[in-house]
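Written below as structure tokens is the structure these notes are about.
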Amino acid sequence: MSDSKSCHKSWVAQHIADLPRSGIRDFFELVNTMDEVISLGIGEPDFATPWHIREAAIYALNRGYTSYTSNLGDLRLRKGICAYAKENFGVSYRPDQECIVTVGVSEGLDILLRAVLNPGDEVLYHEPCYVSYAPTIRMTHAVPVPVRTEAKNDFVVDVADLEAKLTPRTRVLLLNYPNNPTGAGLDWAAKKSLAAFACRHDLLVISDEIYEEVNYDVRTPSLASLPGMQERTVLLNGMSKAFAMTGFRIGYACGPAAIIEAMMKVHQYSMLCASSIAQAAALEALQNGAREREEMRREYEQRRNVMVKRLNDMGLTCFMPRGAFYVFPSIVSSGLDSTTFARRLLQEKHVAVVPGPAFGASGEGHVRCAYATALEDIERAMARIKEFLQELKST
Amino acid sequence: MDREKLKREIVALLRRNARMSDQEIADRLGSTASTVAGLIQELERDGVIMGYSAIVNEQSDNGEVRAIIEVEVRPERDTGFDIVAERLAKFPEVQSVYLVSGRYDLRLEVAGHSLQEIASFVSGKLAPQDGVKSTATYFLLKKYKEAGVQFSKDEKHERLKIVP
């Protein structure tokens, strides 16, 4: 009989054992023990998937569209994606060779990194950032190289800071704008200078644009549309945020044929294909979902206006986010560190926000507040945070 | 945001919730409550906003009966359907009047306290009007959705409390 306590041998691979536990995990467990929490910690739309999209999934089931699809994804969907990318991002891709349907952007990023990285290669990315970047890079035996971004630059990565972290092993530049967790975005000038940097140093650019359509700025074409960029850029996007389809798990990658082909190899052995039913729903969303997408975007924009005003009024300073549905205020004026702030706010006022360091060390001094939540809950949460700050001051 | 755009946004918000406060509208649109109040007054004065009403889920036992009535009208030279439509709109029983394309001309929504009351409105007031050729009355049995509001709410799905 085996006894786990006496089992001295670890079956877990060293590089997995070495992965740090997600910074969000303990906090998540604490939140789950509590009742009546208003959560500003939810990074997904609060809207149900628009009905016509759900109905398309039901129709797919009705007509028995339940088999495997092509490894790259149903060709009709790939054609839909390429048409959508051309119209919305200003870049043209060939559906037969330059596009693959993935199980969310998470899988897209994973198979892309596995497809392009050799052990020891270095990936430059900006922090604070989405929690999966460093672990996903490590799982390919490559090296994550974070570059700090600062509130004073509205969290746009500085090319000089990227230059400083370059080595002969640097191979990939990973970008995520509009950004989770900061709400930062790139204007056209910033896109041009990042493109020039990538070309100058012959880097592959991975552009995670999952929040591209949740954008409050003047829209500019994708980075990939700039001269010299399409052949070195893989664009990652998906249905989750723009169309409120997180549970459908449909993402896509568009890029050079050779890279898509390599991604397809990994994908076919690990995933085979994304859900056929979800692919049918995704096509409906891309072809007929613009109205609801715009309605949701406008609602987010209005909530953002409210949240930014309330936070700044109570001394938690933040800039006006350009995209996504997050505000990343500084909590330095409270005198607490981010983790203490989040824990005490949760315990004392039952409001959940995510401590900034969950998104990388440079997130210290900030918390992430998501506004993918009904405005009345946002208002209640803001009132509680204000009380919390007043009580802190008076003690 | 320019004034015309702001007005359009205000109208869009009030269509969804006419009780939204000036302050909330201002916060949502990045304006001030006094600006919003001024623009709403303008919209009312200019006849863009004609009134405000509640969307009510009537219980079947509250004594109100509603019907949709299709009216076929003989149009008049110069004024077309307008004279008849305006005249029908004056009856307090008539809640709405639309000129529509298709098989008939005017679509009325009528409210009364009983089937009898509506029936006598149709036979005594509506059908004998000059210019009214024929009517067809449909009593409403159950309301599922009105003014964009669905009356049976989807079951609220709990999201995870923290999602990175």
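The values are calculated or read from the model by the stated rules, or taken from the named source; none is laboratory data. This structure is a prediction, so every number in the text was calculated from the model and none was measured. Neighbour counts are summed over all protein chains in view; Cβ atoms, including those assigned to glycine, are modelled from backbone coordinates with ideal geometry.
General remarks:
- Any hit, region B:90-101, residues being away from every other protein chain (no Cβ under 14 Å), at pLDDT 95 or above and within 23 Å of B:Asn17 (Cβ to Cβ): yes
- Residues of region A:300-328 classified as in a helix (DSSP H, G or I), among the charged types (D, E, K, R) and either in contact (Cβ under 8 Å) with a residue 40 or more places away in the chain or out of contact with any helix residue (DSSP H, G or I) (no Cβ under 9 Å at 6 or more places or on another chain) (or both), total: 4
The rows are residues; the columns are (1) modelled with pLDDT of 95 or more; (2) out of contact with any strand residue (DSSP E or B) (no Cβ under 8 Å at 6 or more places or on another chain).
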site	(1), (2)
B:Asp22	yes, yes
B:Leu29	yes, yes
B:Thr32	yes, yes
B:Tyr52	yes, yes
B:Asn62	no, yes
B:Ala67	yes, no
B:Val73	yes, no
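- Of the candidates A:Leu19, A:Leu61, the single residue that is out of contact with any Phe, Trp or Tyr (no Cβ under 6 Å at 6 or more places or on another chain), more than 26 Å from A:Val214 (Cβ to Cβ), at pLDDT 95 or above and away from chain B (no Cβ under 14 Å) is A:Leu61.
- Residue count for region B:61-117, restricted to those that are more than 19 Å from B:Gln129 (Cβ to Cβ) and free of Cβ contacts under 8 Å to residues at least 24 places away in the same chain: 5.
- Within region B:51-58, not a single residue is away from every other protein chain (no Cβ under 14 Å), in a loop (DSSP other than H, G, I, E, B) and over 28 Å from B:Phe139 (Cβ atoms).
- The criterion of being closer than 22 Å to A:Asn305 by Cα, among the small types (Gly, Ala, Ser) and surrounded by fewer than 24 Cβ atoms within 10 Å (Cβ to Cβ) holds for A:Ala374.
- Residue count for region B:82-103 under the criterion of being farther than 21 Å from B:Gly124 by Cα and in a loop (DSSP other than H, G, I, E, B): the result is 4.
- Check on A:Lys265, among the basic types (Lys, Arg), in the same structural domain as A:Leu223 (by TED's automatic domain parsing) and assigned to a helix (DSSP H, G or I): yes
- Across region B:33-53, the number of residues qualifying as aliphatic (A, V, I, L, M), within 25 Å of B:Leu108 (Cα to Cα) and free of Cβ contacts under 8 Å to residues at least 24 places away in the same chain comes to 1.
- In the set (1) over 21 Å from the mean Cα position of the chain (by Cα); (2) surrounded by fewer than 22 Cβ atoms within 10 Å (Cβ to Cβ); (3) under 25 Å from A:Val327 (Cα atoms); (4) more than 14 Å from chain B (Cβ to nearest Cβ), A:Leu316 fails one condition alone, (2).
- Extreme residue, farthest from the chain's Cα centre (by Cα), among residues of region B:14-31 that are crowded, with 18+ Cβ neighbours inside 10 Å and assigned to a helix (DSSP H, G or I): B:Asp27
- Restricting attention to region B:139-164, the residues being among the β-branched types (Val, Ile, Thr) and away from chain A (no Cβ under 11 Å) number 1.
- The residue that is nearest to the chain's Cα centre (by Cα), among those in region B:105-138 that are assigned to a loop (DSSP other than H, G, I, E, B) and either within 14 Å of chain A (Cβ to nearest Cβ) or surrounded by 17 or more Cβ atoms within 10 Å (Cβ to Cβ) (or both), is B:Asp105.
- Scan of region A:35-58 for residues that are within 9 Å of another protein chain (Cβ to nearest Cβ), in contact with a His (Cβ under 8 Å, 6 or more places away or on another chain) and under 18 Å from A:Cys369 (Cβ atoms), ordered by number: A:Val37
- Hey, A:Val105 under 25 Å from the mean Cα position of the chain (by Cα) and within 14 Å of chain B (Cβ to nearest Cβ) or not: yes
A quick yes/no check of all residues on (1) more than 11 Å from A:Ile53 (Cβ to Cβ); (2) out of contact with any Cys (no Cβ under 9 Å at 6 or more places or on another chain); (3) within 14 Å of chain B (Cβ to nearest Cβ):
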position: A:Gly228; (1), (2), (3): yes, no, no
position: A:Met239; (1), (2), (3): no, yes, no
position: A:Pro256; (1), (2), (3): yes, yes, no
position: A:Ile277; (1), (2), (3): yes, yes, no
position: A:Ala282; (1), (2), (3): no, yes, no
position: A:Glu294; (1), (2), (3): yes, yes, yes
position: A:Gln302; (1), (2), (3): yes, yes, yes
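- Of the numbered criteria (1) out of contact with any helix residue (DSSP H, G or I) (no Cβ under 8 Å at 6 or more places or on another chain); (2) without any contact (Cβ under 8 Å) to a residue 60 or more places away in the chain; (3) among the aliphatic types (A, V, I, L, M), the one A:Ala151 fails is (2).
- Residue selected from region A:204-219 under the condition modelled with pLDDT of 95 or more and assigned to a loop (DSSP other than H, G, I, E, B), by the criterion nearest to A:Met296 (Cα to Cα): A:Val214
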